[in-house]
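For reference, the structure is listed below as structure tokens.
The values are calculated or read from the model by the stated rules, or taken from the named source; none is laboratory data. All of these numbers come straight from a predicted model, not from anything done at the bench. Here the Cβ is made from the backbone with ideal geometry for all residues, glycine too, and neighbour counts use every protein chain on show. Protein only, heavy atoms only, side chains kept; ligands, DNA and RNA dropped before computing areas. Shrake-Rupley method; radii C 1.70, N 1.55, O 1.52, S 1.80 Å.
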Amino acid sequence: MRISEQWLREFVDPPASTRDLAERLTSAGIEVTAISEGLPALDHVLVGEVRNVEPHPQADRLRVCTVFVGKGKSLQIVCGAANVNTGMRVAVILPGGHLPDGSEIHTTQLRGVKSQGMLCSARELGLGDDDAGLLALPAEAKVGHLLIRELGGADKVLEIEITPNRGDCLSALGVARELAALYGQKLRLPDCSPVKPGIKDRLTARIEALAACPVFAGRIIRGLRADAVTPMWLRERLRRAGLRSLHPVVDVTQYVMLELGQPLHAYDLKRLSGGIQVRMARSGESLKLLDGNKHTLEPDILVIADHKHVLGVAGIMGGSDSSVQPGTADIYLEAAFFSPDAISGRQRKLGLQTEAAYRFERGVDPTGQTRALERATRLLQEIAGGQAGPITKVAATPRVRARLRLRQAKLVQSLGMLIPGKAVSGILAGLGFMPSRHGHNWQVSAPAHRFDIEREEDLVEEVGRIFGYDKIPAIPYPAGQRMLPLPEERLPVSRLRDTLVARGYQEVITYSFVDAQLQVRLTGSPGIALANPISAEMNAMRQSLWPGLIQTLRYNLNRQQQRVRIFECGMRFIQQHTEIKQENVIAGLIFGLQDPLQWGLPQRNNDFADLRGDVEALLGAGGHTKRVDAVADTHPALHPSQAAKLMLGGMNIGWLGALHPAVARELDLNGPVFMFELSLEPLRQKRITEAAPITAFPALSRDLALVVEETIPAGRILDLTREAGHPLVSEVRIFDIYRGKGIDSGRKSVALSLILQDSSRTLTDEAADATMRKVVQRLQDELGATIRD
């Protein structure tokens, strides 16, 4: 929100600089994000009067103007604006002066005619976007005065960020109320006294949706002058707030909204049929709004209607058919209180964003409708004349807000210091609360405009922020320091992260919301749908980290990053009957070259073995490498022949493999992608390392080549070999797998290297041979293996 400092100081004028005001507001929770000049650099721009206009002798579109600039001085200026006319007050830059963009104005010849300055449009002066003609100044503007003086003088504009709970500060009055409390000054209010009705005309109003619209008020105003023009001071207030001047009636409603925080809407009275109805939209109704678009209305949208038509979407935007036009003389002026719940989300549904909806969503003062109508009526009569009818108001029974108790002990406990009771009462009263002190406690009634005050802690916050958090002393908390236990069998997640980082991975953090269609490709299920997604591509809760990693990969590939190694630790969400299971997992992805480009190593792409090595390093951090079996299986996201599920103690703890080629093609990935995902909890259960003495006795090595069925996994062969050779087989490795000549179809040759060692004596060949026979027998019995010669 942008607000003029001059405007604020009409409400309250503390003895403080602009920067001090901004700092005090920010420290009180009303954040001032920027301070800018209210006017561009107009030091060389004067008010002039056009005394004579003649055609240019050499150019049909140019005019030669005689412009009086005060002190008996007139200048000849060539101008091309179509709206220039005799008697017009204009903005003039004299030779030697500068435009706001820095351009210097000189005496020059235009098509052979001398021009001694420049007449300016609003756009050229930085006062708006209108460049269709000259900026027409009001007739009362004094010739020869600096334009900046006629525009109200130098000013600063505060840009303020208002938190969603402080809708009461979305106006000059709201911010000024904060300043009055901060500086202990009295608030000066604009003239909102009742306007005496000059006519008896009134329009009946009926509220059919009282919960959505508890208060609706309006009045008829007749006889507005069609030639009325919004005065310069009001146009400037709107411009400095970031709004355009459109029409005197519209400008007044915008001005009152900025001043008091109450949105208003004006209807062309002759376009209304019968009384006003406030109701929910009916099936099939549609409306062309002021944005020029026709919108189909759903039954959950609150509308303002007459007896025949829908006139507007309540609290968001009016309809174009009933809007005020340049020739409108009679209007119906409306002010209402719409429930935030009735407005919230509706403007997004309609694809709109309006200042009125922004305020109604956060809550406006439910008692301020009559005040706003009186203020707007008085301004309209000053600008355009007219006679007002009586205000008609329809309201539900007002909600009685409970009185809250504020304990001094609670203040001391929360703020860490004793604030004098008189100061507490003054702060609350200055903010518009009604405090009643009883000993060391207060009974407090919150004003109607403070929707955010619901409990004692809210009152503590109000006292603390106005008193000044900077005044609360910093007192070291006398907390005892103790070392927390770190169980040896519990592996910190940081160890797992460090393991992957050491292997060249980078950690990423992705959204918990993913594209349901992408999730179907990668998990086979769309996951838990979101009722109100922030975008169409983030419409489901993730049940795997893979969608986020894949999207990160695509993002990087689109930016010419051809080697990607990323991982993430996070939570996945899985629907289990009526509950949602939340599980922490760690997942990773590799793509492209195994090593960064360099001269010392040959270039090669990642493969399944590289990914398995990374996963084994993760498992090794907790001592699980030999306890986890990789079992070939199928997964919807993985390549049929390069996918494995990881089993630990009979429990599936995750998957690893290559992304399915069909999925890779759908996602426009131009190379193999390898991924893994593991449950974190089993990985963090660390096996305690047991020390064993180093034997002094030598080891023997034996090799064994056997032929088995193609479907038998290598892990099964290794497990049986270890079991059969226990306790002498200390290590077993596969050093070759062969398929081809000499091996039957459907079978494979697996070559094993076994290390045999006895910790208590020197192992003899006879003992070693006996152990090898036991291993061979076990493999023959269990797997149908045959020994290859």
Keeping all protein chains in position, work out how much accessible area Thr253 exposes to a 1.4 Å probe, and write it in Å² to the nearest 10. 10
In degrees, nearest ten, helix 456-467 long axis to first principal axis of the chain (Cα): 60
Gyration tensor (alpha-carbon) shape descriptor, the range 493-684, a/c threshold 1.5: oblate
For peptides 567-579, 525-537, 160-172, sequence by mean Cβ density within 10 Å, most packed first: 160-172, 567-579, 525-537
Sort 507-519, 597-609, 486-498 by packing, meaning the average of other beta carbons within 10 Å per residue, with the highest value first. 507-519, 486-498, 597-609
Within 10 Å, count the other beta carbons around each residue, average over each peptide in 640-648, 118-126, and list them highest first. 118-126, 640-648
Can you return the lysines within cross-link range of Lys294? Criterion is Cα-Cα under 26 Å, with same-chain partners fewer than 8 residues away left out. Lys270, Lys308, Lys349
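For Lys186, Lys349, give me the order by solvent-accessible area with a 1.4 Å probe, most accessible first, ignoring ligands, DNA and RNA.
Lys186, Lys349
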Under 20 Å between alpha carbons, and skipping anything fewer than 8 positions from Lys196 in its own chain: which lysines qualify? Lys393
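With a 1.4 Å probe and all protein chains in place, put Glu236, Glu140, Glu616 in order of accessible area, largest first.
Working: Glu236 10, Glu140 135, Glu616 75 Å².
Sorted descending by solvent-accessible area, the residues read Glu140, Glu616, Glu236.
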In degrees, nearest ten, helix 248-260 long axis to first principal axis of the chain (Cα): 60
Take the Cβ-Cβ distance between Glu457 and Lys186 as r, set R0 to 30 Å, and report the resulting FRET efficiency rounded to the nearest 0.05. 0.55
Which whole-angstrom value gives the distance between the alpha carbon centres of the range 534-551 and the range 99-176? 49
With Cα atoms, 0 to 90° folded angle of helix 18-27 axis to the chain main axis: 50
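Heavy atoms only, probe 1.4 angstrom, no DNA, RNA or ligands counted: give me Leu46, Leu484 ranked by accessible area, highest first. Let's see the in-between values first.
Numbers: Leu46 30, Leu484 120 Å².
Largest to smallest exposure gives the sequence Leu484, Leu46.
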Let me check the size of the range 700-788 from its C-alpha atoms; what are the radius of gyration and Dmax in Å? 13.2, 45
Between Met417 and Gln777, how many nm apart are label points set 7 Å from Cα along the C-beta direction? 8.7
Can you list the residues, at least 5 places off or on another chain, whose amide H is less than 5 Å from the amide H of Lys686, using H built in the peptide plane? Arg490, Leu491
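Taking 0.36 nm per intervening residue step and subtracting the Cα-Cα distance, what contour gain separates Gln576 from Lys294 on full extension? Write out the running numbers ahead of the final one.
On the way: separation 282, 0.36 × 282 = 101.52 nm, distance 4.38 nm.
So the extension gain works out to 97.1 nm.
Return the carbon/sulfur percentage of the accessible area of the range 493-684, one whole number, probe 1.4 Å, all protein chains in place. Spell out each step's value before the answer.
On the way: 4890 of 9720 Å².
It is 50 percent, rounded to a whole number.
Can you classify the range 45-150 as rounded, prolate or oblate using the Cα gyration tensor, where a ≥ b ≥ c are the square roots of its eigenvalues, rounded means a/c under 1.5, and otherwise it's prolate if a/b beats b/c and oblate if not?
Numbers: a/c = 1.34, a/b = 1.24, b/c = 1.08.
Here the range 45-150 falls in the rounded category.
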For a quick check: with amide H placed at 1.01 Å from N, whose amide H comes under 5 Å from His295's, ignoring anything fewer than 5 positions away on the same chain? Leu287, Lys288, Leu289
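Only Lys, Arg, Asp and Glu count, each charged at its Cβ (+1, +1, -1, -1), so figure out the dipole size of the range 700-788 about its Cα centre, rounded to 20 debye. Intermediate values should be presented prior to the final figure.
On the way: 13 positive and 14 negative charges, 42 e Å.
With Lys and Arg at +1 and Asp and Glu at -1, about 200 debye.
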Kindly work out what percent of the DSSP beta bridges joining two residues of the chain are antiparallel, to the nearest 5. 95
With a 1.4 Å probe and every protein chain left in place, tell me how much accessible area Tyr738 has, in Å² to the nearest 10. 70
Return the calculated 222 nm mean residue ellipticity for the chain, to the nearest 500 deg cm²/dmol, obtained by summing -39500 (n - 2.57) across DSSP H runs with n ≥ 4 and dividing by the residue count. -7500 deg cm²/dmol
Quick note, the chain: a/c under 1.5 would make it rounded; otherwise a/b > b/c is prolate and the rest oblate (a ≥ b ≥ c, C-alpha gyration tensor); here it is prolate
Quick check: the distance between the Cα centres of the range 650-729 and the range 600-636, to the nearest angstrom? 8
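Going down the list Lys645/Lys686; Lys186/Lys410; Lys142/Lys186, which pairs span over 32 Å between their C-alpha atoms?
Working: Lys645/Lys686 20 Å; Lys186/Lys410 29 Å; Lys142/Lys186 35 Å.
Correct reply: Lys142/Lys186.
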